[in-house]
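Beneath this line is the structure, given in structure tokens, with notes to follow.
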Amino acid sequence: MSNKKHTVNIKDGKSKDKENSKREESQEESKAEEVKENIMENNISDNSVNSNGEKEIAILKDTLLRKVAEFENYKRRTDGEISNYIKYASENIIKELLPVYDDLGRSIDSINKGETKDFETLKKGVFLIYDKFKIILEREGLTEINSLGKEFNVDVNSALMQIPRDDVKPNTVMEVIEKGYKLKEKVVKHEKVLVSTEKN
């Protein structure tokens with residue numbers, strides 16, 4: 001009696017071990033399938049990301065090329081405008097001076113033809129042309145420096161000679177040999193002058 005029971009218990013234990021083993025194998029197979037599925041999903045996701053990234057790169061390249069082309073067109077147009085501006089920068093002042101030039105031409109023609117015989121008439125005509133010319137230059141911002149009787153200033157004066165004098169302060173502009181001019185705040189031509197110095 002006791003031996004039969006013992007044999008049955010051994011068989012039952014083996015059967016249970018087999019069932020547990022099969023269950024574990026089934027679980028491992030399920031886990032393996034899950035791992036495979038995850039890998040497949042990750043590969044699909046990576047491919048999708050790569051595809052989207054390539055599209056974004058292509059769009060950015062296209063945008064960059066368009067911007068470069070637009071900048072080149074803008075630069076070419078701007079360079080042309082600047083070139084024309086520099087080329088014709090004197091156009092306005094030339095237009096202002098043409099009437100003076102024409103007046104001088106008419107005066108010379110009149111003299112050559114013998115039509116102007118009266119000196120006073122000629123003198124008056126020359127002064128009128130000079131005044132017109134001066135008004136145009138002043139309108140453009142040109143002014144005479146005029147340092148006569150003032151202290152010598154190296155910024156606006158150029159000394160041609162020093163003259164010993166005891167009746168004026170040293171370093172005084174005694175005579176203007178050649179006029180100087182300023183265009184607005186800039187000296188465009190220094191005034192050539194004679195300057196006083198102390199007598200020995």
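The values are calculated or read from the model by the stated rules, or taken from the named source; none is laboratory data. These figures come from a predicted structure and were not determined experimentally. Positions of Cβ are generated from backbone atoms using ideal geometry, with glycine treated the same way; all protein chains shown enter the neighbour counts.
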Checking Arg165 against (1) within 26 Å of Tyr181 (Cα to Cα); (2) touching a Ser or Thr at 6+ places or on another chain (Cβ under 7 Å), the condition it does not meet: (1)
Here are Lys182, Lys186, Lys199, Lys192: which of them is modelled with pLDDT under 95 and among the charged types (D, E, K, R)? Lys199
